[in-house]
Amino acid sequence: MPQPMTQPNQRLIRTAWILEKQTAMLVSHALEHIQLELSTVDGYGTAGDGTGRSSGDASSVERAGAIRHELTGSREQIRKDIDTLVQSVDDFDGFLRKTLGNRVPRHIPDLCNGQKYEGWLNLWRSGSKDEANGWADATCRGIAGPSGLCLRCLPRANRWRERNGLPPIIGSEVVS
Ligand SMILES: [Zn+2]
């Protein structure tokens, strides 16, 4: 008798769908909205310089300061929440793989992930000639090799390491 096919967890499928179809777009709209509101509120002078427009009396400067504070707070919160979400999915994935040990099905490969290497928060900007350009690609969906990085991220990480005086990653380790 054939084994019944293992079905993916439907709650997670739904959550992934929300993230992809809604949250990802809402985040961008929210950040754009905050940026726009901030530029509007900046028209009322920056707190402390006292050189606002005609309406720049103390109370309106104060009010603008409070609004600015709230907006930048929301922006910070959004960035923090994204970090938490992404990290928690990564951690959960790692936990499940560990639980399965060597029984992780082959069609669920490890994705490229550079978290264990220096500079993984320094994002790479495509086409940048800046020496300070990072190497990490937070959007990479490549399949990890032995190093944990894919074939595109690994050479980029190694070029970055060379520029920063770090020994290269070869195979599954850093070779000094
Ligand atoms: Zn990659």
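Coordinate-derived values only; no laboratory data. This is a predicted model, so every value here is computed, not measured. Using ideal geometry, Cβ is built from the backbone for each residue, glycine included, and neighbour counts are taken over all protein chains shown.
Under 11 Å from the Cβ of residue 133, count the other residues' Cβ atoms, weight Lys and Arg +1, Asp and Glu -1, and hand me the total.
Values: positive: 125, 129, 156, 159, 163; negative: 130, 131.
In short, +3.
Relative contact order, percent, of segment 10-103 when contacts are C-alpha pairs under 8 Å separated by at least 6 residues? If you can, show how the numbers build up before the last one.
Details: 40 pairs, mean separation 18.7, N = 94.
Rounded, it is 20 percent for segment 10-103.
Sum up the charges of everything whose Cβ sits under 14 Å from the Cβ of residue 142, counting Lys and Arg as +1 and Asp and Glu as -1, but leave residue 142 out. Walk me through the intermediate numbers first.
Numbers: positive: 141, 152, 156; negative: 110, 137.
Local charge sum for residue 142: +1.
If R₀ is 30 angstrom, what is the calculated FRET efficiency for the pair residue 78 and residue 170, using the beta carbon separation as r and rounding to 0.05?
Values: r = 38 Å, r/R0 = 1.28.
Efficiency, from the Cβ-Cβ distance: 0.20.
Hey, with R₀ at 25 Å, roughly what FRET efficiency would residue 100 and residue 22 work out to, going by the Cβ-Cβ distance, to 0.05? Walk me through the intermediate numbers first.
Details: r = 30 Å, r/R0 = 1.21.
Approximately 0.25, to the nearest 0.05.
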